[in-house]
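Bear in mind that the values in this text are calculations on the coordinates, not laboratory data. A quick note: this is a predicted structure, and the numbers were derived from the prediction, not measured. Cβ placement follows ideal geometry from the backbone for every residue including glycine, while neighbour counts extend to all protein chains displayed.
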Amino acid sequence: MAERRFMTLGDVSEELNISSTQAYALVRSGELPAIQIGGRGQWRVESRILEEFIAQAYEKSAAAARDARPPEDDENAEAGDQ
């Protein structure tokens, strides 16, 4: 069976093991590019775009590890040190 080109936000959330709300937030923020389709404006993410998003997330995580900083912002990290 051929791989589908477009995924629903439910598919995206399942693939990333996150909630549907988190997937929607990624799309609404523009961090994860998506398109709206149909009269009800349902969101779709292209499979290739999701794979690129995942690859970029790996790069960001690797850079953070090299800098010896956690991927979260410094304020949260400092709060735990006190």
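Listed values, structure above:
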item	result
Cβ-derived FRET efficiency at R0 25 Å, A65 paired with R5, nearest 0.05	0.15
Gain on full stretching of the segment that runs from T21 to S47 - 0.36 nm per residue minus C-alpha separation	7.5 nm
From phi via Karplus (6.51, -1.76, 1.60), per-residue ³J(HN,Hα) for the stretch 38-49 in Hz, x at Gly/Pro	x, x, 8, x, 6, 7, 9, 10, 6, 3, 4, 5
